[in-house]
Amino acid sequence: MDSVKKRPVLAGFLAILGIFFGYLLLWPVPFDPVAGPPRAANPAGTGIFAKNNALAAAKMIETGHGPEGTAFDTQGRLYTGLTDGRILRLDVASGAIEELANTGGRPLGIEFDANGDLIIADANKGLIAMSPDGIIRELATEFDGKRMIFVDDVAIDRDGIIYFSDATQRYAYGHDLIELFERRPSGRLITYNPANGEMKLLLDDLYFANGVALSKAQDFVLVNETFDHRIMRYWLKGPKAGTADVFADNLPGYIDNITEAPDGGFWLAVVAPRVAEMDNLVDKPFLRKVVWRVMQLTGDSPVQMHSYAVKFDADGNVLASLEDDSGHIYMMTSVLQHKGQLFLGSLLNNAIGIIDAP
């Protein structure tokens, strides 16, 4: 009799087990993953990337949520854009904040042009500009007749040409983590000429095109591939003009914005470190689906609150690496050097960090 009573319990347990494994193995996911080449060994914790918490000493200026990009005007005033679309001007000495405008979207990378207009890469609104009196106008919202859904960063040359990244053509802002699991590159590096509105494609099929920066001589432009942990270089002048190569590869995390340093080098923001589990799944698309399903159940994320500021010379050699995993500086998206200090933007923090440049 006891064995008879146990049968319904066992059947119920097996049914639950079947549902669980059916979910892990068969439940639909919002992406169609492909395999990539196996990852090289992560350099984190070795050599120039030896562990340190140098960024934990940064002073914080409260701004509001998500001051991703930063820029200084000719009067030395600091600007940033927040998650809610606001564009702010800050007095670094006093901490006073003035709200200038609201894009109605999500401003990311920002830079001033020669006319004093703030050029804004807005993930939702496209490439836009804010005049000194706070008036917002659209520059470019489409490319080749298709709306851009994730304009990310900008750099402006001496002729006024705007270089900007269109991170992905597949998933809008807020859904970018899907790109990590899918590995179908669709990011682009594009130019915009304010004089006539002409746009040109320089690079495409990038693994989430992110930060953009011009060299001091303006003979090349860099663009970051966040989910491939590398920086691409597109040559604008010289014998290699019109071609691209790798400026830096196999970096220790998910890279975000990049800015030119006063000495002709570059500062790179690493928003979060690489995760061994994700590195090991690059060539295993089916298992990436399984991990995604597990994350939906548990609420886990491969994103860790651990950021880096990495200094490169003009040839792509790493000169310094500053980091913080204490939670003081986290989800750091930009590093801008100004008058001997580094100004640290963030996707999720409520402040801009300030620390002396090494």
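The table below gives the values:
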| item | result |
| --- | --- |
| For the range 190-209 versus the range 92-166, the gap between their alpha-carbon centres in whole angstrom | 14 Å |
| Förster-model FRET efficiency, 41 Å R0, Phe286 and Asp204, C-beta, rounded to 0.05 | 0.90 |
| Cα-centred dipole magnitude for the range 113-164, charges only on beta-carbon of K, R (+1) and D, E (-1), debye, nearest 20 | 160 debye |
| Sequence-separation-based contact order of the chain, relative, with Cα cut under 8 Å and 6+ spacing, percent | 17 percent |
| Rounded Å value of the spacing that divides the Cα centres of the range 280-358 and the range 226-248 | 22 Å |
| In degrees, nearest ten, helix 285-298 long axis to first principal axis of the chain (Cα) | 90 degrees |
| Dipole moment magnitude, nearest 20 debye, the chain about Cα centre, only Lys, Arg, Asp, Glu C-beta charged | 1280 debye |
| Candidates Asp144, Asp313, Asp325: whichever shows maximal mean-square fluctuation once the chain is modelled as a Gaussian network with Cα springs under 10 Å | Asp144 |
| Cα-based convex hull, the chain, per residue volume (Å³, whole number) | 165 Å³ |
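Taken together, the values in this text are just the output of simple stated rules run on the coordinates, not laboratory data. None of these values were measured; they are calculated from a predicted model. Positions of Cβ are generated from backbone atoms using ideal geometry, with glycine treated the same way; all protein chains shown enter the neighbour counts.
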